[in-house]
Amino acid sequence: MPDDMEPTSQKQVTLIPTDRIRILNPRVRNRRAFEAMVANIARIGLKRPITVAPREGTDPLEYDLVCGQGRLEAFIALGQTEIPAIVIDAAEEDCYVMSLVENLARRQHSPLELVHAIGALSARGYSHPEIAAKVDFSVEYVSAICLLLDNGEEKLIAAVERGVIPHSIAMEIARAKEGEVQQALAQ
């Protein structure tokens, strides 16, 4: 089990000032779900601390958020100035990747979030096999999404995500050299 996934009882929990935490990979949440989270934390408290990593060279010490954006934002909404956190030793790049993977591990991520996460990992220099291993998809699928992103093929990505066309066909359409052929295939 990765270090950041160990049970909380095996990690030391520290109170961290909420204004010293930087969200590396922010995401937009459903307003109703967020309000329910805030109400739940107000009623019964925080069930699981957030995870952060200290950011080198900051004075006063600041932290990069690894996981727990919703919990952090709920604490801030409740006027709390500190939040229980597990502090891990990780570079900023590692924190970003762990945050992406954490977001993808959620059961109800949208296909668009997945596409953007794959694109973000690719932009950070990860190979298609490395990305595939992190997001638990085939290398072929990751390669297709990266090709479509690189070519600005938002309509094809949407069609793949809706299940209208397979990713292999979308790749062929994106690779087509002549605009008319590509338009005919897309229709």
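The values are calculated or read from the model by the stated rules, or taken from the named source; none is laboratory data. Nothing here was measured: the structure is a model prediction, and the numbers come from that model. Because the Cβ atoms are built from the backbone with ideal geometry, glycine has one as well, and the counts that use them run over all protein chains shown. What goes into the accessible areas is simple: the full protein's heavy atoms, side chains included, and nothing from ligands, DNA or RNA. Shrake-Rupley method; radii C 1.70, N 1.55, O 1.52, S 1.80 Å.
Say whether the condition of being surrounded by 13 or more Cβ atoms within 10 Å (Cβ to Cβ), small (G, A, S) and over 30 Å from G163 (Cβ atoms) is met by at least one residue in the stretch 88-103. The answer is yes; a qualifying residue exists.
Applying the condition of being open to solvent by 20 Å² or more (accessible area, probe 1.4 Å), more than 17 Å from E92 (Cβ to Cβ) and aliphatic (A, V, I, L, M) to the stretch 42-75 and asking which residue is nearest to the chain's Cα centre (by Cα) yields L46.
Here E113 passes the criteria (1) at pLDDT 80 or above; (2) part of a helix (DSSP H, G or I); (3) not aliphatic (A, V, I, L, M) except the one numbered (1).
Any idea which residue in the stretch 34-51 is farthest from I118 (Cα to Cα), counting only those that are touching a Gly at 6+ places or on another chain (Cβ under 8 Å) and of a type in the set (A, V, I, L, M)? So, considering only residues that are touching a Gly at 6+ places or on another chain (Cβ under 8 Å) and of a type in the set (A, V, I, L, M), the one farthest from I118 (Cα to Cα) is M37. Look at the stretch 12-40: where a residue is open to solvent by less than 60 Å² (accessible area, probe 1.4 Å) and a partner is part of a loop (DSSP other than H, G, I, E, B) and not aromatic (F, W, Y), sitting 6+ places away or on another chain with Cβ atoms under 6 Å, you get T18/T81. A158 meets each of the listed conditions (1) of a type outside the set (K, R); (2) touching a residue at least 12 places away in the same chain (Cβ under 8 Å); (3) not in a loop (DSSP other than H, G, I, E, B) apart from (2).
Any residue at all in the stretch 83-90 that's acidic (D, E) and assigned to a loop (DSSP other than H, G, I, E, B)? Yes; the residues of the stretch 83-90 include at least one that is acidic (D, E) and assigned to a loop (DSSP other than H, G, I, E, B). Can you tell me how many residues in the stretch 1-41 are outside any loop (DSSP other than H, G, I, E, B) and modelled with pLDDT of 75 or more? Qualifying residue count for the region: 22.
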